[in-house]
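First the structure, in the form of structure tokens, and then the observations on it.
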Amino acid sequence: MNDDFYRIRRLPPYVFAEVNAMKAAARARGEDIIDLGMGNPDSAPARHIIDKLCEVANDPTAHRYSASKGIKGLRKAQAAYYQRRFGVDIDPESEVVVTLGSKEGLANLAQAITAPGDVVLAPNPSYPIHTFGFIIAGAAIRSIPAAPGPDFFTRLEYSLSYSVPKPSVLVIGYPSNPTAYVADLDFYAKVVDFAREHKLWVISDLAYAEIYYGDEPTPSLLQVPGAKDVAVEFTSMSKTYSMAGWRMGFAVGNEKLISALTRVKSYLDYGAFTPIQVAATAALNGPQDHIDEVRAMYKSRRDVMVESFARAGWNVPSPAASMFAWAPLPEQCAHMGAMEFSKELLRHAGVAVSPGVGFGEEGEGFVRIALVENEQRIRQAARGVKKYLDGFRSNSAGTDAD
């Protein structure tokens, strides 16, 4: 029997698996590992969201199959969010579908709109689902820059000129994971113009919409006039409302893309558990103080991490948004590569980070640091980093003396 399945053959070994296995083994030995690897929020949702979940879960009729597209009240709440936050009018009937987190939505949209052999433009480095969702669906990926700089459109033009068949989809995501790059409305306007000219669908991942640290709120691609003609945007409640395990997200925008995703999902699931959908509705429609508190928490952690790691000898650029820092390897460790450095940092400093190469080959030389531990633990991590780097310098000095 041949168990070399076609789609599995297209997936490389999971880059993070080795570090994760080392982390699990260290914890099994009783070691204290400070996990700054996975972007897994450590705070709880606001009390009124949890109360609503419990209230609805106590209703005996709430445990039946739900609606794959999402209950009407939740779709209306997401449309209202887009109106008050971005000034964008969204039809809750035809331009919103509820997803089981943005990751599931992206993967199923890829299944809905991709034929084997299609070419998709996706950033490198990027969140793995941006590429592997389409790879699983049979597409070929052409890498484009993750940074929304001058090289971005030059590389897009190049990819369009030299790809056969012509690319059909462009994936972007800002604030980006893992790099924390941000984009402005001028950039988005150029993306929409480019997509119109070259007949591209645009998929925008806005999972970190509310985690920004400057005075200017993160914009939405859909704020650009006419963007809904070519684009769909994914958002998530995971980080914004500390609801990661609830698996609640949305796709919003182009009616044709939303219809395609809705149709595929109708064959695959019955939607999220109804009490979760009702609680998510309460989150979107209720007090929004929690968002400000979450943003302030991540900003404080970012500042502590940048300052304490710098004193430890590792200069980490301060991210403008997201819950991640994208850090070049310390100079004395650059020769190791991201994977080996991540393993050594875990082994000798008790600190877990994500090797940048796991987000694409352009991530080599970087690691992603997640702000998912409190400030005390981040300072503790910095002490572990300092001890490791000091030992590294001592060994280098000894070698030089020899």
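Readers should treat all values here as calculations from the given coordinates under stated rules, not as data from a laboratory. What you see is a predicted model; the values in this text were computed from it and never measured. Because the Cβ atoms are built from the backbone with ideal geometry, glycine has one as well, and the counts that use them run over all protein chains shown.
Legend: residue pairs LYS190/LYS299; LYS199/LYS265; LYS166/LYS199; LYS190/LYS239, Cα-Cα distance threshold 21 Å; pairs beyond threshold, LYS190/LYS299; LYS199/LYS265; LYS190/LYS239. Only aspartates and glutamates eight or more places from LYS69 in sequence, or on another chain, were considered; those with a Cα closer than 15 Å are ASP91, GLU93, GLU95, GLU104, GLU255, ASP269. Only beta bridges with both residues in the chain are counted; by DSSP, about 45 percent of them are antiparallel.
Exposed loop positions in the chain were taken to be chymotrypsin sites (Phe, Trp or Tyr not before Pro) whose DSSP state is not H, G, I, E or B and which have at most 13 other beta-carbon atoms within 10 angstrom. Between these positions, the longest stretch is 66-269.
Taken one residue at a time, the phi angles of segment 178-190 give Karplus couplings (6.51, -1.76, 1.60, θ = phi - 60°) of x, 7, 6, 5, 10, 10, 10, 5, 4, 4, 4, 4, 5 Hz. Gly and Pro are set to x. A straight line joining the Cα centroids of segment 85-101 and segment 143-205 runs 22 Å.
Given a Förster radius of 41 Å and the C-beta distance between ALA334 and GLU197 as r, what FRET efficiency does 1/(1 + (r/R0)^6) yield to the nearest 0.05? Don't jump to the answer; show the numbers that get you there.
Working: r = 40 Å, r/R0 = 0.99.
It comes to 0.50.
Percent relative contact order of the chain, based on C-alpha pairs within less than 8 angstrom and at least six residues apart?
23 percent
Under a Gaussian network description of the chain, with springs only between Cα atoms under 10 Å, the residue in ALA195, ALA334, ALA325 that fluctuates furthest is ALA334. Oblate is the label for segment 338-382, because the ratio a/c of its alpha-carbon gyration tensor axes (a ≥ b ≥ c) is 1.5 or higher and a/b is not greater than b/c. What's the local net charge at MET237, with K and R +1, D and E -1, over the other residues with C-beta under 12 Å away? Surrounding charge for MET237 is +1. For LYS166, no residue has an amide H sitting under 5 Å from its own, ignoring neighbours fewer than 5 places away on the same chain, with H placed 1.01 Å from N. Along the chain, counting only GluC sites (Glu not before Pro) with a DSSP assignment other than H, G, I, E or B and at most 14 other Cβ atoms inside a 10 Å radius, the longest segment between sites is 94-402.
The orientation-averaged projection of the convex hull spanning the C-alpha atoms of segment 251-402 amounts to 13.0 square nanometres.
Looking at the P(r) of segment 1-143, how many percent of alpha-carbon pairs lie beyond 27 Å?
Values: 5084 of 10153 pairs.
It works out to 50 percent of all Cα pairs.
For the chain, excluding the exposed loop sites themselves (trypsin sites (Lys or Arg not before Pro), DSSP loop, at most 14 other Cβ atoms within 10 Å), the longest remaining stretch covers 200-402. By the Stokes-Einstein formula, at 0.890 mPa s and 25 °C, segment 41-113 with its Kirkwood radius over alpha-carbon pairs has D equal to 168 µm²/s. In this structure, the amide hydrogen of ARG142, modeled 1.01 Å from its nitrogen in the peptide plane, lies closer than 5 angstrom to those of VAL120, LEU121, ALA122, counting only residues at least 5 positions away or on a different chain.
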